[in-house]
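The values are calculated or read from the model by the stated rules, or taken from the named source; none is laboratory data. No experiment lies behind these values; they were computed from the predicted model shown. Ideal geometry is used to build each Cβ from the backbone, glycine not excepted, and the neighbour counts take in all protein chains shown. Surface areas here come from the heavy atoms of the whole protein model, side chains and all, with no ligands, DNA or RNA. Shrake-Rupley method; radii C 1.70, N 1.55, O 1.52, S 1.80 Å.
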Amino acid sequence: MQTVGSMVIAARHMCQEFIQAIARPVGCAPHDVPVWLPSPTDKLKVNIDAEYVASLRTTKCGFVVRDEDGRVMLSGNAKFRDILSLLHAEIHAILFGVETLALEQMQA
């Protein structure tokens with residue numbers, strides 16, 4: 001089981017990966033991006049997504065946590081206000097997923 005500290009480090013890593021991914025050239029074909037890759041053994045993987053409505057400055061986001069076999073361990077969704085950009089929305093989604101996972105693991 002991962003500690004809260006290791007989940008925070010993983011969230012930071014995910015944010016860095018996201019920033020690198022959005023810097024990818026626009027011409028990349030959708031088939032070049034994998035839909036889902038399994039996590040390493042004994043690790044959980046958090047996948048997130050968010051939509052951003054600039055005119056309302058809101059986001060709806062969701063996450064799913066899977067084990068190395070792809071089994072869904074936890075999922076959730078939320079709406080946030082006062083969001084400044086798509087990047088801000090995606091970071092909220094990452095933090096929401098990791099914080100929810102950390103709370104679930106602390107209660108287990």
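Points to keep in mind about this one:
- GLU104 being charged (D, E, K, R), assigned to a helix (DSSP H, G or I), under 17 Å from SER6 (Cα atoms) and under 12 Å from the mean Cα position of the chain (by Cα): no
- Pair list, Cβ < 8 Å and 6+ apart or interchain, from region 47-60 residues that are touching a residue at least 24 places away in the same chain (Cβ under 8 Å) and on the phi > 0 side of the Ramachandran plot to residues that are open to solvent by less than 70 Å² (accessible area, probe 1.4 Å) and not in a strand (DSSP E or B): ARG57/ILE83
- The residues in region 63-91 that are open to solvent by 30 Å² or more (accessible area, probe 1.4 Å) and not in a strand (DSSP E or B) can be counted, and the count is 10.
- Residue count for region 1-54, restricted to those that are modelled with pLDDT of 70 or more, open to solvent by less than 80 Å² (accessible area, probe 1.4 Å) and over 20 Å from LEU101 (Cα atoms): 3
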